[in-house]
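J.: What follows is a structure written as structure tokens; I'll ask about it next.
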């Protein structure tokens, strides 16, 4: 791994370990944030594993074109609000989170989620994850914890609550962290915001474009709407330099590391419906992949007036509060000086 990639890799790890960003990836925290952005062109073909109802068409746009259009759409929005549902399945254990997500100009973001008890994952649960089905949200009274992350554009607050315990709150001052990170060679301010969980959906799509190689786009009809399905897998550079996999090895033995991504984009609105990461069977000869992390976006509303107080935060009474800005800066400074550890999962 060259020096440029080392700095990006180390800094991403530092940002995640100290600030614990939770934007979208609640169960696989910051997996993409650990992968350095590069301008190299992906050269590895992705598998054409698609759902049975998928219909391929030669005149469909290229995956990169669909994703670029999606990014442009997101970047030009004044605001976006949606219901967000996450299902993570690791070693046959299912973890469900559900809530609301909002983003607006000026790096303002709000993510509010309820965490539900873990349970075993069975065949019926797999059927429920079909793309045409709306996610099932458990009764709010059964929630065991909650997460709230708010950025007002200047400060990022993260509030965790587990059961009846007092809430735990951390804060990070964006300007100070960005200033420290800009001193690291080849590390852009936009990447800092993404790694801290402030980059929003557009940053997530940008990461996927840079780190994945994509198969031809397929078209599905989902509840009478045309949906474009994009399937990708980690490109050669990521598998070699980040996951440290030998050239003849495709499957990562760690159960929390996916091999594929599937992005479902509404063909009419160019907005995402689902982002799903999949784990290939450990037997690389089998063409089997199971959902590892599924993010469903529903009831998307764009360019609606968003109240300013949605992006303001006040810690609840009795909360344990900690400003981790200085600790994060020290971690950045230390990370920029050391080589990336091999085979680092998180």
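J.: For residues that are surrounded by 15 or more Cβ atoms within 10 Å (Cβ to Cβ) and out of contact with any helix residue (DSSP H, G or I) (no Cβ under 9 Å at 6 or more places or on another chain), scanning just segment 138-151, find the one that is nearest to residue 194 (Cα to Cα). Walk me through how you get there before you give the answer.
T.: Going through segment 138-151, the residues surrounded by 15 or more Cβ atoms within 10 Å (Cβ to Cβ) turn out to be 143, 145-151.
Then keep just the ones that are out of contact with any helix residue (DSSP H, G or I) (no Cβ under 9 Å at 6 or more places or on another chain); that gives 143, 145-149.
On the way: 143: 28, 145: 25, 146: 22, 147: 18, 148: 17, 149: 14 Å.
Checking each candidate, the answer is 149.
J.: Restricting to segment 101-110, name every residue that is in contact with a strand residue (DSSP E or B) (Cβ under 7 Å, 6 or more places away or on another chain) and over 17 Å from residue 274 (Cβ atoms). Even if it seems obvious, please write down each step before you answer.
T.: Of segment 101-110, the ones in contact with a strand residue (DSSP E or B) (Cβ under 7 Å, 6 or more places away or on another chain) are 101-104, 107-110.
102, 103, 104, 107, 108, 109, 110 - these are the residues of segment 101-110 that are in contact with a strand residue (DSSP E or B) (Cβ under 7 Å, 6 or more places away or on another chain) and over 17 Å from residue 274 (Cβ atoms).
J.: Any residue in segment 303-323 that is modelled with pLDDT of 95 or more, assigned to a strand (DSSP E or B) and within 30 Å of residue 61 (Cα to Cα)?
T.: no
J.: Here's another thing I want to ask about it. So residue 239 fits all but one of (1) out of contact with any helix residue (DSSP H, G or I) (no Cβ under 9 Å at 6 or more places or on another chain); (2) not in a helix (DSSP H, G or I); what number is the exception?
T.: (2)
J.: Now, a different point. Check segment 170-188 and report whether any residue there is surrounded by 21 or more Cβ atoms within 10 Å (Cβ to Cβ), modelled with pLDDT of 90 or more and touching a helix residue (DSSP H, G or I) at 6+ places or on another chain (Cβ under 8 Å).
T.: yes
J.: Could you identify the single residue in 307, 327 that is closer than 23 Å to residue 159 by Cα and surrounded by fewer than 12 Cβ atoms within 10 Å (Cβ to Cβ)? First the steps, then the outcome.
T.: Working: 327 fails: surrounded by fewer than 12 Cβ atoms within 10 Å (Cβ to Cβ).
Just a single option satisfies the conditions, and that option is 307.
J.: Hey, among 135, 117, 166, which residue is touching a residue at least 40 places away in the same chain (Cβ under 8 Å) and surrounded by fewer than 17 Cβ atoms within 10 Å (Cβ to Cβ)?
T.: Working: 135 fails: surrounded by fewer than 17 Cβ atoms within 10 Å (Cβ to Cβ); 117 fails: touching a residue at least 40 places away in the same chain (Cβ under 8 Å).
One residue alone meets the criteria, 166.
J.: Mind counting the residues in segment 38-96 that are farther than 26 Å from residue 236 by Cβ, out of contact with any strand residue (DSSP E or B) (no Cβ under 8 Å at 6 or more places or on another chain) and at pLDDT 85 or above?
T.: 4
J.: Further question on the same structure: Of all residues in segment 155-182 being within 22 Å of the chain's Cα centre (by Cα) and not in a strand (DSSP E or B), which is nearest to residue 315 (Cα to Cα)?
T.: Per the criteria, the residue is 174.
J.: With the condition kept exactly as written, say whether any residue in segment 250-260 is touching a residue at least 12 places away in the same chain (Cβ under 8 Å), buried (at least 19 other Cβ atoms within 10 Å of the Cβ) and not in a loop (DSSP other than H, G, I, E, B).
T.: Yes, that holds for at least one residue.
J.: If you take the residues in segment 120-132 that are at pLDDT 85 or above and in a loop (DSSP other than H, G, I, E, B), which one is surrounded by the fewest Cβ atoms within 10 Å (Cβ to Cβ)?
T.: So the residue we want is 130.
J.: Identify the single condition in (1) more than 20 Å from residue 215 (Cβ to Cβ); (2) out of contact with any helix residue (DSSP H, G or I) (no Cβ under 8 Å at 6 or more places or on another chain) that residue 281 does not satisfy, given that it satisfies every other one.
T.: Only one criterion is unmet by residue 281, namely (1).
J.: Sticking with this structure for a sec: Suppose the filter is farther than 21 Å from residue 101 by Cβ and either touching a strand residue (DSSP E or B) at 6+ places or on another chain (Cβ under 8 Å) or buried (at least 19 other Cβ atoms within 10 Å of the Cβ) (or both); does residue 228 pass it? Step through it out loud before you land on a result.
T.: Values: farther than 21 Å from residue 101 by Cβ: yes; either touching a strand residue (DSSP E or B) at 6+ places or on another chain (Cβ under 8 Å) or buried (at least 19 other Cβ atoms within 10 Å of the Cβ) (or both): yes.
So residue 228 fits the description; yes.
J.: Do we have any residue at all in segment 204-223 that's farther than 21 Å from residue 68 by Cβ, surrounded by fewer than 22 Cβ atoms within 10 Å (Cβ to Cβ) and free of Cβ contacts under 8 Å to residues at least 12 places away in the same chain?
T.: Step one: filter segment 204-223 for residues farther than 21 Å from residue 68 by Cβ, giving 221-223.
Of the ones still in play, those that are also surrounded by fewer than 22 Cβ atoms within 10 Å (Cβ to Cβ) are 221-223.
Narrowing further to those that are free of Cβ contacts under 8 Å to residues at least 12 places away in the same chain: none.
No.
J.: Mind listing whichever residues of segment 224-248 are touching a residue at least 12 places away in the same chain (Cβ under 8 Å) and closer than 19 Å to residue 286 by Cα?
T.: 231, 232, 233, 234
The values are calculated or read from the model by the stated rules, or taken from the named source; none is laboratory data. Worth saying up front: this structure is predicted, and the values here are computed from it rather than measured. Using ideal geometry, Cβ is built from the backbone for each residue, glycine included, and neighbour counts are taken over all protein chains shown.
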